[in-house]
Each structure stands twice: as structure tokens, then as C-alpha cells.
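Trainee: This structure is in C-alpha cells; I'll ask about it shortly.
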Amino acid sequence: MKNKIFLIIFLTFLGSVSLSDYVDEATVDIDNEHYAQPSACSGYCGEYSSRGKRLTDSPPKSRILDAMLSSKMLPLRPDEPDFLSFLRDKYELPKGFKGPLAEYDFIIVGAGSAGSVLAARLSEGRKASVLLLEAGVGESLVTDVPILAPLLQQTDYVWPYTMEHQPGVCTGMVDGRCFWPRGKAVGGSSVVNYMIYTRGLQQDWDGIAAAGNYGWSYNDVIPYYMKSERATLKGLKNSPWHGRDGELNVEDVPFRSKLSKAFLDAAKLFGHRRVDYNSPDAFGFSYIQATMTRGQRASSAKAFLHNNKKRKNLHILTTSRATKVIIDPILKTAIGVEFHKNGRVYQIRANKEVILSAGPIESPHLLMLSGVGPKRHLQSFGIPVVKDLKVGESLYDHISFPALAFTLNTSRITLVEKNIATLSNVVQYDHYGDGPMSSLAGVETIGYIKTNISNEIGDYPDIELLGSCASLASDEGKIVARGIRLADWLYKDVYQPIENVESFTVLFMLLHPKSKGFLKLKSTDPYQQPSLNGNYLTHRQDVDTMIAAIRYIIKLVDTAPFKKYGAKLYTKKFPNCSQHKFNSDGYWECAVRTVTATLHHQIATCKMGPPSDPDAVVDPELRVYGVNNLRVVDSSIIPRTIVAHTNAPAIMIGEKAADMIKRDWRLY
């Protein structure tokens, strides 16, 4: 009843206001603005009502963090003991504004990889007013440090999602459940990820376009990648495939171990070429290109929002949790957003569009809470159905097996935390932006292979390899193992014995899983995470491809470039796989089902597709089917698996969407 009364008042207000009253800089005149009037929250009001304890109630332990604290780099203040608070980027309303306004031209939900660039572009030239809502806070000095990436997944900079229990996967994880952390900050997952910059192959985007998604071919999307990019890459100064005038820094990682060269030399012995994997000629091996600025993380927020946050027509609200898109059920039109901030409820109007950029979990979650989703599913929760769409019914994810370990008989080759957590390394990083602390937590090199399991035509990879100079034992189980929620019984039995031995891993990514997952509501409580179902390894080909990848890695390391450091496969069995002979197919299947780790690339939950696609949620211009003035702009729209970590594609999607929206509303 309360919602119906609000809707009547809201629609009455809509009819009394002309859009012509809210154009250009008139939308941001401090003296003439109407401020939003919040109300007290009733019902579902608390973020921690469903989750319990905050992650940072027990802050993660790290020798590197301790070394930073002991230096002048992070002077801990007695009045603010939260280690995440150091020089946190502040986002306040522009000078003179007393609070959020009652209406804006555009409301963007989510200041992540896509939302940050979208907000920056739509607020250019002050031709439109933009409200950007973010549930998290600004990044801090701690998030700048690349080597701390896995530690961040144990903090309040992530949504601590867990997948529903699925028999036969993640059996070696805490509670036997897969952990799916997603970024919760201004900058989203670009604040907590490993900064790997990959765009996807030409075959990926051309295939998406060929399925009816006009405007999404490789030639269509490359200009948007290059628009954002400011590349400083050795040997690629004159490459026609990289931008140099954008806001997002893409650079070589300053730190490289000897194992990175060994990885590329071994690949050469196997016939693999050195390539620029972000060019059309991408099938090969390379050092990683990273979103960094002189050794520091370059998040989407830093690139696109930090220097623009004082624009009078761009209002960024942090710690603001969107709970519903307000949709006129008669006109089928999105007219505003409801969100909670500081225990108060705001309902703010969007004159032009509501845009969901909340990511592959929260964007479909919000759609369903707002009445857009599978009809029967929404009706089972008593949610009035605005539009019957297959929201959340497609979900693909890239998974990995980070548990392989190789030992060395040479010292000072790998990143052993207790050896590199020194004052001199902190000073080196602080002054020069290089040294071990600039490492992507050990990940250094990348390569694409096509296993003998693949049924693809031509040089189209099914596995991405990631060379590193660390293993799960390198930090004594305090950071990486806890970051993926590896169970203590497994770590202590298998990895603790090699804590005093130099060791490393080579990771791999299953690029094109055949197993398809889904996402559903658990409750009408917006603070309760949706039901996440990865359905990992339910297709036999996925299992076989992962086993083939493991065998390929073992052969790759069993070559002269690695052998000169005494590299040897660590053969300690997983205790739960003792019934299998080590190195048999049965053993490796048991192992990958024990440590089944996400690489945080969930896609397709708000799938893009033409009208003829029965599974499509948004059209090729990212407009939600059947609902006016509502779009989804983030990685959830990617309709099929691509050869990419999804941060760069999300930024590209934001860039492309901004142009489409500007065109539709004549904002050029």
C-alpha cells in the first residue's frame, strides 16, 4: 500500500514538471534546486542483518602490511585504526550542495569499472545532471599496492558472496562452498582485482556481432578500448592497436622475476610466439599488460572520476545502497531509484534514464527486486511482474586451479612474503614505484593455448595460462589461501610442509566453459545476496579441458628454462584424493573439484541479444526489453564467453554505452 501511495504522488509530480525545466546548467543551480527528502527506513534496512559480522572486524594479517605500517608510508592514527582508511579517496557533493537532489537526468547505480567511465562521460560539458550511487567507499593507499590484491578480498572492499553448495566442487574450500568476492568500492572490482588488461579476441567480438548484436564486432569495440587507454608498453610505442590519450594507464609491470623469462622461453620451445595479445594477432605468449600508473593500481575510479568529482552536475554518493528501480507499471517506464543511506530511504527521480552498472550479480538482483525477471520466479516471492524476462538464467564464469605447486632448489627466485616484507622494499616502492611490491601478487606472464580437447576451428584458445613467481605456500597461507577461502585442513596437510621451500605455480583459466549457471532471488530483502549457482564442471568437456591444461603446464615446466632453477612438480597428494594414483586423470579431476576457484568473471546474467533471442534481457543498445528508460551497462550484458578478464571489457562497455546514450538524448 505504501509503495502505491508513493507511486501516485511520484506520477503526479512527474506530470507537473516539464523536462525543459531541467536542461544544461539549470540542472545544477545551487540556489534553485529541490533537495530529496528522505524518510525513515522500515522493513529491510540493515546491510548486516543478513550477513552478520563485517569482514574487517578481523583484519587480515600480512607481513607486507606490517612493514608498510612500520614505515612512514602508512602512519597509523590512534583515532582511526582501520587500516583501509589511509588517505582514502573522498567523494563528497560539490561545494554548496546540501544533499542529493530530488531528481537528475540520469541515475547510475554502481560506480564500478563501467559505471565510473559512464558517469564521467555523461557529465561532460554539463549538458546533463548525473547521480552516481555506490554502496562502497573510495579506495585507499592500501588498495594502490598491487601485491596486496589477494589481501583485499578479505576486506570490506568486496561483497563476500558465496556460491550455493554444489556437490563435487569447491570441496577443499571453507564450508565446501565457492567464494565469489566482487568489488564494493568507488571503482568496483577494479579496486581489488589483479589489474590484468585483456580485451578479448577478434573471434570473440565478431561472434557476438554475428549473433545479431549489431555494433559489437571487433572493429566496433576496438575504438572504445583505445579511447580510454593511455598505453606505455615496451616495444609497442607505435602500435596502431593501443591508445595514448585516454585516462586509463596501461603499462608493463615494473617487477619481473627470473621465472617470467623462463615461462616465455619454455613457451618458445613449444612453438609459441611472442605477441601483443591485445592486438588482432593475439594467439601466443607475453608479459602481462596491467592497469597501473608507475607501479600503482590504476582503477576505473582513479582514471575517470577522481579528477571530475567536483563537477557540479555529477553527484557521487558513497555508502548508498540501491534497493529498487521505481518503474511505472502502466507506462512500463523507469522513473527513479530507491536507495538507503545512513539509515534513511531516498526515492529520487530520473528525468531521462536509470542505468544499472552494479555488476553481474547486483544488476540482475536489482532488476528482479524491481519486477523485471522470470515471471513465475518473481510471483513466488509476491513481486508484481513488470516484464517477464530471463534475468539471471544465463551465467558463465571463468574458473581456475591455483593449487599446482612446483618447488625450486634455488633461493631468492620467488616472492616469499617473509623475505620481501622489508623496510627497504617499502621505501623502494614508495620512492620509485617498483620492486616486489609492484608485482601483481606474483602473476607476471600470460599465454593462450589450444588443448587437444578443443573442438574449435583454427587458432582459438580454450585455456589461458598465467605464469607466476609464488604459490599458495609463499605467504604461509595467510593471504592467497585465505583470499580464496581454502580450508585449513587442506592447506596444513599439503602446503604447510613447503613453506620454507621456494615454490611457484602456473595458473590457468578455463576460457569457454560449457557448464552454464544461473542466479535467482533468495528473498525480497535487498540486503540478502541472491542464490548463486555456478554449476561448475557439470559438463564433461570442462573437466577434460582442465586436466589437459594441467598436463600441458607440467610439460612446460619440465623444460630447460625452468630446470636450471631446479623446478620440480610437488607431488604431495590431496588427502581427500588419496584413492587415486597421483598424476592420473582421476587424481587431477578430484584435485580440480577440490580447489575450484573463480577468477571473478561472471557474465551473461543480463544477457544482450537481438529480439529473436529468447534469453536476451537487453538489446544491442543495452536497453532492457519492455521497459522504457532503463539500461544495463556492465559485464553482465556480455552474452558469451570471451578470451578476457572482464575489467577492460566493462570499461569499454561503459564507453560505448555513453556514446549511445548521448546520441539518443542529443547530448553532443
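Trainee: So the label point goes 7 Å from the Cα of Asp66 along Cα→C-beta, right? Which residues of segment 395-427 then have their backbone N under 20 Å from it?
Mentor: Correct set: 415-427.
Trainee: How much length would be gained if the chain were fully extended between Leu87 and Arg273, taking 0.36 nm per residue of separation minus their Cα-Cα distance, in nm to one decimal? Intermediate values should be presented prior to the final figure.
Mentor: Details: separation 186, 0.36 × 186 = 66.96 nm, distance 4.30 nm.
So the chain would gain 62.7 nm between Leu87 and Arg273.
Trainee: Over the chain, calculate the relative contact order: mean separation of alpha carbon pairs under 8 Å at least 6 apart, over the residue count, as a percent.
Mentor: Details: 1507 pairs, mean separation 138.4, N = 668.
21 percent.
Trainee: Mind checking segment 433-494 for GluC sites (Glu not before Pro) that DSSP puts in a loop (not H, G, I, E or B) and that have at most 14 other Cβ atoms within 10 Å? Show your work: numbers first, answer last.
Mentor: Values: sites: Glu444, Glu456, Glu464, Glu476; in loops: Glu456, Glu476.
Within segment 433-494, the qualifying GluC sites (Glu not before Pro) (loop, at most 14 other Cβ atoms within 10 Å) are Glu456.
Trainee: So how tilted is helix 218-228 from the main axis of the chain? Cα-based, degrees 0 to 90, rounded to 10.
Mentor: Compared with the principal axis, the helix lies near 80 degrees.
Trainee: Picking from Pro610, Gln579, Thr596, whose Cα lies most toward the positive end of the charge dipole for segment 568-622 (charges on Cβ: Lys, Arg +1; Asp, Glu -1)?
Mentor: After comparing all options, I get Gln579.
Trainee: Set the Förster radius R0 to 35 Å, insert the Cβ-Cβ distance between Lys450 and Phe97 as r into 1/(1 + (r/R0)^6), and round the FRET efficiency to 0.05. Intermediate values should be presented prior to the final figure.
Mentor: Details: r = 55 Å, r/R0 = 1.57.
Step by step, r from the Cβ atoms, then E = 0.05.
Trainee: Would you calculate the separation in nanometres between label points at Arg126 and Asp281, each defined as 7 Å from the Cα along the Cα-to-beta-carbon direction?
Mentor: The answer from the label model is 4.9 nm.
Trainee: Cysteines of the chain lacking any other cysteine beta carbon under 4.7 Å?
Mentor: Those would be Cys469, Cys606, since no other cysteine Cβ in the chain comes under 4.7 Å of theirs.
Trainee: Rounding to the nearest 20 debye, state how big the charge dipole of the chain is about its Cα centre with +1 on each Lys and Arg Cβ and -1 on each Asp and Glu Cβ.
Mentor: Dipole size: approximately 660 debye.
Trainee: A follow-up question, please. Per residue Cα convex hull volume for the chain, in cubic angstrom? Walk me through the numbers on the way to the answer.
Mentor: Details: hull volume 99.1 nm³, N = 668.
Dividing the Cα hull volume of the chain by its residue count gives 148 Å³.
Trainee: In nanometres, what is the gap between the two model label sites at Ser612 and Thr524, each 7 Å from Cα along Cα-to-Cβ?
Mentor: 4.0 nm
Trainee: Just grab the label-to-label distance for Lys310 and His539, each label 7 Å out from Cα along the Cβ direction, in nm (one decimal).
Mentor: Placing both labels 7 Å along Cα→Cβ, they lie 5.2 nm apart.
Trainee: Tell me, Arg631, Arg273, Arg311 in order of fewest to most beta-carbon neighbours within 10 Å? Numbers along the way, then the final one.
Mentor: On the way: Arg631 26, Arg273 12, Arg311 20.
Going from sparsest to densest Cβ surroundings: Arg273, Arg311, Arg631.
Trainee: Quick one: compute the contact order of segment 574-665, relative version, from alpha carbon pairs under 8 angstrom and 6+ residues apart, as a percent. Can you show the working numbers first?
Mentor: On the way: 95 pairs, mean separation 19.0, N = 92.
About 21 percent, as a whole number.
Trainee: Under a cut-off of 18 Å between alpha-carbon atoms, report the lysines in cross-link reach of Lys514, not counting same-chain residues fewer than 8 places apart.
Mentor: Counting by Cα, and skipping residues close in sequence, Lys514 has these lysines nearby: Lys450, Lys607.
Trainee: What residues from segment 247-263 fall in the zone where the backbone N is under 18 Å from a label point 7 Å along the Cα-to-C-beta line of Ser424?
Mentor: Within reach of a label on Ser424: 255-258.
Every read-out reported here was derived from the displayed coordinates using simple, explicitly stated rules and does not represent laboratory data. Bear in mind the structure is a predicted one, so any value in this text is a computation, not a measurement. Cβ coordinates were reconstructed from backbone atoms using ideal geometry, including for glycine residues, and neighbour counts include every protein chain displayed.
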